[in-house]
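Let me begin by presenting the structure, written as structure tokens, before commenting on it.
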Amino acid sequence: MTSADCYIRFVGELCALTPTLSGPTSRPWDGLDSLAVSIGEDWGKYSPHLETLPPVKSFQLRLPVMSKTFRSSLECERSPLGLPPQVINRLTYLFICIDWIANHLLSIIGQCESMEELTIHFWGHPLEYPPQNPISQPIINNGVLLPKVHKLRLERASIDSLPILPLLRAPNLRQLEIDFSRFGYSDTVPFPSLEQRHVDKHWLPFAQRHSRALRDIRISCSEGSFPINGSPHAMLRPFLSLTRLTLDGAAFDAKSLFADDTSASGGQFLMKLETLELLRIGSDFDMDQVFSFFEASVVCSSPLISIQLMHPCLKKLKVTLEN
């Protein structure tokens, strides 16, 4: 018996159980708060039965890799996901593992009006954005409103996963985590660097929209390091309220982030930062540049000299070297 057959039998037996005292149409598993479903490559057997899932508050959905499930992108695009609104519109937490055509993901999260935390796992592959798709094109044009989301995490992401960012509108977003994956890359297939064109096209529109709300940013690569050739300073400059910053496995020049341009940025760059973590940095990373950035500066505020910290909020600095 395949995993799909087991799933179908399981769902069928639960749905056939005697209705509970809650009402003649309720089912014993309708009281569940959390549910995790992992779907195999025989997608055609699963999809008709997803509509029987109970409405839950926490939902983890792992969809199979697109290339192993569909013969073409067009077949994936035309394949309905089969998740009815009543299954997902009560969600406060969604974890979805997907590398399908983007309209599937966008249509799902667009219905999660109560969602507070969203994790998107990309399998290390980029989403495809088909042109002139009647389902996804209006969403791509207007974006997806996530009114209650305060935490967004992108897992197993690649540089090509970043186009999802400018499509999201989360006015209450406080925490952003991006974990890049080196899946599919090797010494002969180098991991692409984060270039300034990626920053300008995908990151900055997202950053400018969420600049006042975001407090915590973590960018990491759990499988090694990832190079940043674009300007980290330009990436972080919009976030005037940032209190915590973690860069884990990022390979970049210290001067590209910690250059002293206080006058150019109006004296506001990282001024509210309380915690800075630079993890798995290279042995040639210029820590003097970091210390210089945070050291005291002399300002003439009276006839007598006075000392004022450039960044008076900093409470914790954590630095680790790569193995």
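The values are calculated or read from the model by the stated rules, or taken from the named source; none is laboratory data. Please read these numbers as outputs of a predicted model, since none were measured by experiment. Every residue, glycine among them, receives a Cβ derived from its backbone with ideal geometry; neighbour counts consider all protein chains shown.
Some values worked out for this structure:
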{"read-out": "Residues satisfying the stated conditions in the range 58-106, i.e. of a type in the set (D, E, K, R), surrounded by fewer than 17 Cβ atoms within 10 Å (Cβ to Cβ) and in a helix (DSSP H, G or I)", "value": "Lys68, Glu75, Arg78"}
{"read-out": "Residue within the range 134-147 that is in contact with a strand residue (DSSP E or B) (Cβ under 9 Å, 6 or more places away or on another chain), over 21 Å from Ser211 (Cα atoms) and surrounded by fewer than 20 Cβ atoms within 10 Å (Cβ to Cβ) present", "value": "no"}
{"read-out": "Where Val298 falls short, out of the listed (1) modelled with pLDDT of 70 or more; (2) among the hydrophobic types (A, V, I, L, M, F, W, C); (3) not in a helix (DSSP H, G or I)", "value": "(1)"}
{"read-out": "Residues within the range 243-274 that are of a type in the set (S, T, N, Q), at pLDDT 85 or above and either surrounded by fewer than 16 Cβ atoms within 10 Å (Cβ to Cβ) or in contact with a Pro (Cβ under 6 Å, 6 or more places away or on another chain) (or both), tallied", "value": "1"}
{"read-out": "Whichever residue in the range 200-232 is of a type in the set (Asp, Glu) and not in a strand (DSSP E or B) and, among such residues, is nearest to Ala254 (Cα to Cα)", "value": "Asp200"}
{"read-out": "Total residues in the range 175-194, condition buried (at least 17 other Cβ atoms within 10 Å of the Cβ) and either at pLDDT below 90 or assigned to a loop (DSSP other than H, G, I, E, B) (or both)", "value": "5"}
{"read-out": "Cβ-Cβ under 7 Å pairs, at least 6 apart or on other chains, the range 143-160 side part of a helix (DSSP H, G or I) and modelled with pLDDT under 95, far side buried (at least 17 other Cβ atoms within 10 Å of the Cβ) and of a type outside the set (Phe, Trp, Tyr)", "value": "Ile159/Leu194; Ile159/His198; Asp160/Pro126"}
